[in-house]
1. What pairs can you find where one residue is in segment 108-132 and within 19 Å of P150 (Cα to Cα), the other is exposed (fewer than 12 other Cβ atoms within 10 Å of the Cβ), and their Cβ atoms are less than 8 Å apart, with a gap of 6+ or different chains?
2. Would you mind finding the one in N45, N72 that is closer than 23 Å to R91 by Cβ and outside any helix (DSSP H, G or I)?
3. Out of the residues in segment 1-42 that are assigned to a loop (DSSP other than H, G, I, E, B) and aliphatic (A, V, I, L, M), which is surrounded by the most Cβ atoms within 10 Å (Cβ to Cβ)?
4. Do you know which of the residues in segment 90-122 that are aliphatic (A, V, I, L, M) and part of a strand (DSSP E or B) is farthest from the chain's Cα centre (by Cα)?
5. Hey, among the residues in segment 43-65 that are among the β-branched types (V, I, T) and surrounded by 18 or more Cβ atoms within 10 Å (Cβ to Cβ), which one's nearest to V97 (Cα to Cα)?
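The values are calculated or read from the model by the stated rules, or taken from the named source; none is laboratory data. This one's a predicted model, so the numbers in the text were calculated from it and none came from an experiment. Glycine gets a Cβ as well: all are built from the backbone with ideal geometry, and neighbour counts include every protein chain shown.
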Amino acid sequence: MQPDIIDKIKELASPLAEEKDLFLVDAEVKTGGGTEVWIYLDGENRSVNIDECAEISRELGFLIDAHELLGNTYRLNVSSPGLSRPLTDKRQYPKNVERTFKLRYRDEEEVQKMKGKLVDANDEAITLEGEDGAAVTVNYSDIIEAKIIPVI
């Protein structure tokens with residue numbers, strides 16, 4: 001799929017999310033066996049509910065059709081990112097303070113891995129407390145991948 005189509009879909013989806021006090025985390029277009037558009041939304045201080053996803057899906061579907069971006073046959077999925085997807089926007093971190101994370105990050109020239117509890121998230125960096133009690137602060141720009149580990 002052409003990057004300009006994904007960029008256009010993001011451009012259309014972002015204001016719809018912002019109207020609901022949400023933000024666009026990511027958009028993907030998958031082809032093969034039909035075209036699927038995936039829109040992932042999140043809220044800074046709250047979760048995303050299914051009614052908001054349905055409403056944004058209807059509005060975004062109308063806009064995609066009006067701009068003739070994908071033709072007549074595609075499937076549009078609007079949801080929260082879920083726990084299986086890595087965090088990709090720094091606005092996702094503050095509401096997840098006190099949760100356990102698996103983190104891969106750059107430390108100078110090396111890639112480091114860490115599992116620990118997120119104890120702070122500000123505009124520049126996050127701080128994780130490792131299983132050994134040692135705290136590590138990592139700038140957002142150095143994060144390769146951060147995933148929440150679900151607690152059952």
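1. Taking only residues 6 or more apart or on different chains, the pairs are K115/E131; G116/E131; K117/E98; L118/E98; V119/E98.
2. None of the others qualify; the one that does is N45.
3. Checking each candidate, the answer is L22.
4. V111
5. V48
Okay, residues lined up against (1) at negative phi; (2) at pLDDT below 95:
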{"position": "V48", "(1), (2)": "yes, yes"}
{"position": "C53", "(1), (2)": "yes, no"}
{"position": "V78", "(1), (2)": "yes, no"}
{"position": "G82", "(1), (2)": "no, yes"}
{"position": "R85", "(1), (2)": "yes, yes"}
{"position": "F101", "(1), (2)": "yes, no"}
{"position": "Y105", "(1), (2)": "yes, no"}
{"position": "E124", "(1), (2)": "yes, no"}
{"position": "E129", "(1), (2)": "yes, no"}
